[in-house]
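Visitor: Have a look at the structure that comes next, please.
The values are calculated or read from the model by the stated rules, or taken from the named source; none is laboratory data. Treat the numbers as computed from the prediction; the structure is a model and nothing was measured. All Cβ positions, glycine included, derive from the backbone under ideal geometry; neighbour counts span all protein chains shown.
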Amino acid sequence: MTMKEQPFWQQKGDLFYRLGLFYRQEFGGPVRKICVDAGLPCPNVSPNGQGGCIFCNTVSFSQIRRNSLQKDVLQPIPRQVSEQIRHGKRHSPQTKYLVYFQPSTNTNAPVERLRRLYEEAISHPDVVGLIIGTRPDAVPDTVLDLLSDLAEKTWLMLEIGLQSVHNDTLRWLNRGHDYQTFLAAAERISLRNIRFGVHLILGLPGEDQAERIETAVRIAGLPIHSVKLHHLYICENTKIAEYYRSGCVELPSFADYCRYVVDFLERQPPMRVIDRIVSDTSDETLIAPDWMKNRAISKNRVIDAVTAEFRRRDSYQGKLFQREKE
Ligand code: SF4
């Protein structure tokens, strides 16, 4: 590939298209996500649900939910937004903010309530957009129509938790939806031109190399804006913690996980934004893997190891995506 044919992120010396670079391009200045908790329930947990995903402990992956539990009260959205921005402004007055409705299922409420929550979030003058995390079975057309309206007023991104494209794995994880539900949702979202990203877990028990590659190839072929990759981790107060302690769950080693990330990224389109390549968990609730026990150090270790693996293969994001197209 000549310099001229390389995507701009590669010309800058990167080996995959990082979220930070995308934000700088998109917004022309510093932008940061702030997480808010609307306290909405997850349909996989609430009374009609199936008991929740086996790995789920929303406290473990959400600082904002930990904060609300400590204060024993959920602050209104405008207050959550303004407090975080006030704090952020002390360090970086120029920064703008994306409000991320993060924990649980943030489209699981009547449309008028959702409209109020989202509009409250974007009413702060330093907020330039919204990110909304949800599940593929919780995006009815009425909600998508609302998001489509909002996308006319602000930068908007929907994040869909998928985790695996393999139905056996989804059943084992107790996700409460299958891959076909995701595909149907993806089609309805795309029809409305709503930007959306997907969350996946790499290295799930029971998935072999062929299945991991199949995941990468299927995801590569979908009209997705960005991908968030996670490693599987075990937290206290989860079903998977019981399985792990009884020896039924094996986690990939650090080196294997980093190889899976590279296998995946090599097969993605060059202009797909890579939101993250490793999970972010609370150190207090984490049981395994050991290599994630100091998350600040571990995240950088993963980035360094993934970079080294790309260099060892003389590879980069999209290298095999282009080959498979030829
Ligand atoms: S969909 Fe999300 S919030 Fe709901 S049980 Fe699964 S991980 Fe937890």
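Visitor: Please work out which one of (1) under 30 Å from C235 (Cα atoms); (2) among the hydroxyl-bearing types (S, T, Y); (3) crowded, with 17+ Cβ neighbours inside 10 Å is the condition Y316 fails and give its number.
Guide: The number of the failed condition is (1).
Visitor: Next question, about the same structure. Kindly list the number of the only condition in (1) buried (at least 16 other Cβ atoms within 10 Å of the Cβ); (2) more than 27 Å from S92 (Cα to Cα) that fails for P41.
Guide: Status for P41: all satisfied but (1).
Visitor: Can I ask one more? Can you tell me which residue in the stretch 202-229 is farthest from T169 (Cα to Cα), limited to those that are in contact (Cβ under 8 Å) with a residue 60 or more places away in the chain and in contact with a Leu (Cβ under 8 Å, 6 or more places away or on another chain)? It would help to see each step written out before you state the result.
Guide: In the first step, residues of the stretch 202-229 are kept if they are in contact (Cβ under 8 Å) with a residue 60 or more places away in the chain; the result is 202, 217, 220, 225-226, 228.
Now drop any that are not in contact with a Leu (Cβ under 8 Å, 6 or more places away or on another chain), which leaves 202, 226, 228.
Details: L202: 11, S226: 22, K228: 18 Å.
Top of the filtered list is S226.
Visitor: Just to be sure I understand, how many residues within the stretch 190-228 are within 21 Å of Y23 (Cα to Cα) and assigned to a loop (DSSP other than H, G, I, E, B)?
Guide: 6
Visitor: Can you name the condition, by its number, that A109 falls short on among (1) surrounded by fewer than 22 Cβ atoms within 10 Å (Cβ to Cβ); (2) more than 16 Å from the ligand (Cβ to nearest atom); (3) over 16 Å from C35 (Cβ atoms)?
Guide: (2)
Visitor: Related question: Scan the stretch 278-288 and give yes if some residue there is assigned to a helix (DSSP H, G or I) and either over 18 Å from the mean Cα position of the chain (by Cα) or modelled with pLDDT of 95 or more (or both), otherwise no.
Guide: For the stretch 278-288, residues assigned to a helix (DSSP H, G or I) and either over 18 Å from the mean Cα position of the chain (by Cα) or modelled with pLDDT of 95 or more (or both): absent.
Visitor: For the stretch 28-49, give me the residue count where each residue is part of a loop (DSSP other than H, G, I, E, B) and not small (G, A, S).
Guide: 10
Visitor: Next question, about the same structure. Kindly state which helices (runs of 4 or more DSSP H) lie completely within the stretch 72-166 and contain at least 1 residues that are among the polar types (S, T, N, Q) and out of contact with any Leu (no Cβ under 8 Å at 6 or more places or on another chain). Break it down stepwise before answering.
Guide: Values: elements: 77-91, 111-122, 141-153.
The qualifying helices (runs of 4 or more DSSP H) are 77-91, 141-153.
Visitor: Considering only residues that are within 16 Å of the chain's Cα centre (by Cα) and not in a helix (DSSP H, G or I), look in the stretch 232-267 and name the one that is nearest to F321 (Cα to Cα).
Guide: Of the residues in the stretch 232-267, the ones within 16 Å of the chain's Cα centre (by Cα) are 232-233, 261, 264-265.
Applying the additional criterion that residues be not in a helix (DSSP H, G or I) yields 232-233.
Numbers: L232: 25, Y233: 28 Å.
Only one residue tops the list, namely L232.
Visitor: Scanning for something more than 18 Å from the chain's Cα centre (by Cα), part of a helix (DSSP H, G or I) and modelled with pLDDT under 90, does the stretch 14-27 turn up at least one residue?
Guide: Scanning the stretch 14-27, I find no residue that is more than 18 Å from the chain's Cα centre (by Cα), part of a helix (DSSP H, G or I) and modelled with pLDDT under 90, so the answer is no.
Visitor: Turning to a different aspect of this structure: When you look at G129, is it under 24 Å from L19 (Cα atoms) and modelled with pLDDT of 95 or more, yes or no?
Guide: Taking the combined requirement at face value, the residue satisfies it.
Visitor: Does the stretch 60-67 contain any residue that is within 16 Å of the ligand (Cβ to nearest atom), in a loop (DSSP other than H, G, I, E, B) and at pLDDT below 95? Talk me through it step by step, then tell me what you get.
Guide: Here is the first cut: in the stretch 60-67, the residues within 16 Å of the ligand (Cβ to nearest atom) are 60-66.
Keeping just the survivors that are in a loop (DSSP other than H, G, I, E, B) gives 62.
If we keep only those that are at pLDDT below 95 as well, we get 62.
Yes, that holds for at least one residue.
Visitor: I'd like the residue in the stretch 68-105 that is within 16 Å of the ligand (Cβ to nearest atom) and out of contact with any helix residue (DSSP H, G or I) (no Cβ under 8 Å at 6 or more places or on another chain) and, out of all such residues, is nearest to G161 (Cα to Cα).
Guide: Checked the stretch 68-105; the qualifying residue nearest to G161 (Cα to Cα) is T105.
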